[in-house]
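Undergrad: There's a structure below that I have some questions on.
The values are calculated or read from the model by the stated rules, or taken from the named source; none is laboratory data. Model, not experiment: these values are computed from the prediction. Ideal geometry is used to build each Cβ from the backbone, glycine not excepted, and the neighbour counts take in all protein chains shown. Just the protein is used for accessible areas: all its heavy atoms, side chains included, with ligands, DNA and RNA removed. Shrake-Rupley method; radii C 1.70, N 1.55, O 1.52, S 1.80 Å.
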Amino acid sequence: MAHATQDRPTACLALADGTLFYGKGFGATGETTAELCFNTAMTGYQEIMTDPSYAGQVVTFTFPHIGNVGVNPEDDETADPVAEGMVVKWDPTEPSSWRATETLGEWLTKRGRIAIGGVDTRRLTRAIRQQGAPHVALAHDPEGNFDTAALVAKARGFAGLEGMDLARRVTCAQSYRWDEMRWAWPDGYTRQTEARHKVVAVDYGAKRNILRCLASVGCEVTVLPATATAEEVLAHKPDGVFLSNGPGDPAATGAYAVPMIQGVLDAGLPVFGICLGHQMLALALGAKTIKMNHGHHGANHPVKDMETGKVEITSMNHGFAVDSQTLPKGIMETHVSLFDGSNCGIRMIDRPVFSVQHHPEASPGPQDSFYLFERFAESMAG
């Protein structure tokens, strides 16, 4: 299908340094400001857009074919897109999947998210790698009228993610129970009816598939808001506590999360954390976190398990990292990134308290990291 030629672009991406990228807008119209990151995953754009860890970010997809399998309600990681917008190389084509219920463009329009196509994403990715994740303004106007000076000024005015507690923005409003298990052919999603362990999952921006993985290893899951206190967590008499993924600066969220986690640790319960939950557990144990240059976002990140020597292909999404140099005595580094050596996992040497930076529920390996959920279940059985 030949694309209609247009005299003027209908979308503009303005970086805080004054660089402008023009393209063809799709999805919602209007403007948004955010931090810009890139994701190297070849699939899973819908899961990425609905991952609460992307709050405050516009995502550049380095893979050119985005939108080709449409969208469907089963693949949402939360009720609505959380990422602020998306940047792609080629305009999305008509979806070619039997599971699709609507096109990517329709879905974005309904959910108020702006997208731009026709951008040289390789050049943009190079810029992010060289200068760090830039602040940007993204505008979509079907008439093609852009005040570029104002857009650059808005990008410069974006506060950034350092010091931002975004978990409070994406967490659940009230507690709820979860019993849906992982998707499996031919039945799709089934319910957990024979739970063996009671788990409280603290929601800093939890992805549904993490909760499904917990249910699939025999957990009865109660989800509590990010601001839950240790007393509220322990009132459920859980066998273990799970700390979820989420967006923003772990040090900011840690202001209320760290005292809660320390209270749970004092109670002697098994603890398992993923992503932001990993960073928060590290803070509670006395380590520090740092902002990365451009973070890790993708589905093909090699991570080495230092205890077994095994390499896992993992899904990653984080802009902050645990500083392994600050790990206190009694805390072991269990996983490292083979891309840059950054920390990807810790555990207490003498207790079933552990966490990882990557996303074991996201199945890029496809099941390289699922043992972590089984390890958590075993620690509660013991």
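Undergrad: Out of all the residues in segment 94-114, which are surrounded by fewer than 21 Cβ atoms within 10 Å (Cβ to Cβ) and among the β-branched types (Val, Ile, Thr)?
TA: Scanning segment 94-114 gives Thr101, Thr103, Thr109.
Undergrad: Out of the strands (runs of 3 or more DSSP E) lying entirely within segment 288-359, which hold 1 or more residues that are open to solvent by 70 Å² or more (accessible area, probe 1.4 Å) and closer than 20 Å to Gly163 by Cα?
TA: Output list reads 288-305.
Undergrad: Evaluate the following for Gly144: is it within 22 Å of the chain's Cα centre (by Cα) and open to solvent by less than 50 Å² (accessible area, probe 1.4 Å)?
TA: Taking the combined requirement at face value, the residue does not satisfy it.
Undergrad: Suppose we filter Gly117, Gly70, Gly85 for residues that are more than 24 Å from Ala14 (Cα to Cα), open to solvent by less than 10 Å² (accessible area, probe 1.4 Å) and among the small types (Gly, Ala, Ser); which single one remains?
TA: On inspection, the qualifying residue turns out to be Gly70.
Undergrad: Continuing with this model, one more query. So which residues in segment 26-38 are surrounded by 20 or more Cβ atoms within 10 Å (Cβ to Cβ) and closer than 15 Å to Leu104 by Cβ?
TA: Phe26, Gly27
Undergrad: If Lys89 meets every condition in (1) farther than 14 Å from Gly23 by Cα; (2) not in a helix (DSSP H, G or I) apart from one, which number is that one?
TA: For Lys89, the exception is condition (1).
Undergrad: Report whether or not Ala41 is under 29 Å from Gly246 (Cβ atoms), open to solvent by less than 10 Å² (accessible area, probe 1.4 Å) and not hydroxyl-bearing (Ser, Thr, Tyr).
TA: Taking the combined requirement at face value, the residue satisfies it.
Undergrad: Can you tell me how many residues in segment 151-174 are part of a loop (DSSP other than H, G, I, E, B) and open to solvent by less than 60 Å² (accessible area, probe 1.4 Å)?
TA: Number of matching residues: 9.
Undergrad: Give the residue, chosen from Leu269, Leu211, that is part of a loop (DSSP other than H, G, I, E, B), open to solvent by less than 60 Å² (accessible area, probe 1.4 Å), touching a helix residue (DSSP H, G or I) at 6+ places or on another chain (Cβ under 9 Å) and at pLDDT 95 or above.
TA: Going through Leu269, Leu211 in turn, just one is part of a loop (DSSP other than H, G, I, E, B), open to solvent by less than 60 Å² (accessible area, probe 1.4 Å), touching a helix residue (DSSP H, G or I) at 6+ places or on another chain (Cβ under 9 Å) and at pLDDT 95 or above: Leu269.
Undergrad: Any residue at all in segment 199-207 that's charged (D, E, K, R), surrounded by fewer than 19 Cβ atoms within 10 Å (Cβ to Cβ), assigned to a strand (DSSP E or B) and touching a residue at least 12 places away in the same chain (Cβ under 8 Å)?
TA: Scanning segment 199-207, I find no residue that is charged (D, E, K, R), surrounded by fewer than 19 Cβ atoms within 10 Å (Cβ to Cβ), assigned to a strand (DSSP E or B) and touching a residue at least 12 places away in the same chain (Cβ under 8 Å), so the answer is no.
Undergrad: While we're here: With the checklist (1) open to solvent by less than 40 Å² (accessible area, probe 1.4 Å); (2) among the charged types (D, E, K, R); (3) at pLDDT 95 or above in hand, flag the one item Asp91 doesn't pass.
TA: Every listed condition holds for Asp91 apart from (3).
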